[in-house]
Amino acid sequence: MRIGIVGGTGDIGEGMAMRLSQTHDVRLGSRDVTKAGEASRECHLQVEGRGLPCAIDGSSNQEAADFGEMVILAIPFKHLVGTLESVSGLEGKVVVSPVNPMERREFFTYVPPEEGSAAQLVQRLLPDSKVVAAFNVIAANRWKALDEPLDYAVPVCGDDPEAKRTVLDLVAEVPRLQGYDAGPLGTACMVECITPLLLNVARYNKMRDVGILFR
Ligand SMILES: NC(=O)c1ccc[n+]([C@@H]2O[C@H](COP(=O)([O-])OP(=O)(O)OC[C@H]3O[C@@H](n4cnc5c(N)ncnc54)[C@H](OP(=O)(O)O)[C@@H]3O)[C@@H](O)[C@H]2O)c1
């Protein structure tokens, strides 16, 4: 599958690209094509350095959006609306939101938009795209730790059954990752608010990269 990552030069974008590019064609998007090229080269170094195949190229965010059959929005919540206004042509595509709207106050807290969740905001802005919330709760460092398995659960929310199936199939291809249908897009708020919980658990218990499994 062709996967475009908008904001692909960031932590989660690069981490996901390193894993997914071993079996899929990935285009890392950025506002700055030079930065995207550098991020792409770093991914090649890490992945191919381990003798693994790597299909990644850097590009503009628009080219990544055009390229992907699936487009992942690896963008901080505060830049989400502006970024979506800067790209076009996402109609009919599977658009994946790993975005967690949260703030660090005395502790990390979930601050959803009026739509109910970041994923629902994306769906309002992209009414003709098939928006799926997924990959919200795995720390970028875990994606980048290529020598370690990703032993985590991935709750997946969406209103389009076929799009949700596509994302669950992608999850199933990554060794040890376990995807779960978590319901329609209206349940995305429950998934997005897990991350501030995990960050608080990490902070108050002196842990790192806390994740979840369902048993
Ligand atoms: N980090 C994690 O562990 C993690 C885990 C799960 C989910 N998430 C979610 O994934 C999303 C991305 O997180 P991240 O940690 O990867 O973010 P990040 O590294 O802070 O930023 C990602 C990319 O966003 C772009 N960006 C930065 N400022 C921007 C602006 N003003 N306008 C447009 N684009 C801008 C940058 O790309 P360019 O400068 O190349 O354009 C940057 O590389 C967030 O919504 C987060 O909640 C993160």
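The values are calculated or read from the model by the stated rules, or taken from the named source; none is laboratory data. All values derive from a computational prediction rather than experimental measurement. Here Cβ is always computed from backbone atoms with ideal geometry, including for glycine, and neighbour counts include all displayed protein chains. Heads up: the accessible areas ignore ligands, DNA and RNA and are worked out on the full protein's heavy atoms, side chains in. Shrake-Rupley method; radii C 1.70, N 1.55, O 1.52, S 1.80 Å.
Residues that are aliphatic (A, V, I, L, M), within 11 Å of the ligand (Cβ to nearest atom) and either open to solvent by less than 10 Å² (accessible area, probe 1.4 Å) or without any contact (Cβ under 8 Å) to a residue 24 or more places away in the chain (or both) occur at least once in segment 66-73. Basic (Lys, Arg) and outside any helix (DSSP H, G or I): does that describe residue 41? Considered against the rule, which asks whether it is basic (Lys, Arg) and outside any helix (DSSP H, G or I), residue 41 comes out as no.
When the test is whether a residue is under 15 Å from residue 17 (Cα atoms), outside any loop (DSSP other than H, G, I, E, B) and among the aliphatic types (A, V, I, L, M), residue 81 does not pass it. Taking each residue of segment 1-23 that is basic (Lys, Arg) and looking for partners that are crowded, with 24+ Cβ neighbours inside 10 Å and part of a loop (DSSP other than H, G, I, E, B) with beta-carbon atoms closer than 7 Å, six or more apart or interchain, yields 2/68. May I ask you to list the residues in segment 131-177 that are charged (D, E, K, R) and in contact with a Gly (Cβ under 7 Å, 6 or more places away or on another chain)? Matches in segment 131-177: 142, 144, 164.
Once segment 159-215 is narrowed to residues that are on the phi > 0 side of the Ramachandran plot and away from the ligand (no atom under 13 Å from the Cβ), the residue that is most open to solvent (accessible area, probe 1.4 Å) is 206. Taken over segment 14-60, residues that are open to solvent by 70 Å² or more (accessible area, probe 1.4 Å) and closer than 18 Å to residue 71 by Cβ amount to 5. When residues in segment 85-125 are screened for being within 20 Å of residue 60 (Cα to Cα) and surrounded by fewer than 19 Cβ atoms within 10 Å (Cβ to Cβ), 5 of them pass.
Results for (1) without any contact (Cβ under 8 Å) to a residue 12 or more places away in the chain; (2) of a type in the set (A, V, I, L, M, F, W, C); (3) within 22 Å of residue 170 (Cβ to Cβ), shown as yes or no for each residue.
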| position | (1), (2), (3) |
| --- | --- |
| 43 | no, yes, yes |
| 84 | no, yes, yes |
| 89 | no, no, yes |
| 97 | no, no, yes |
| 101 | no, no, no |
| 110 | no, no, no |
| 128 | no, no, yes |
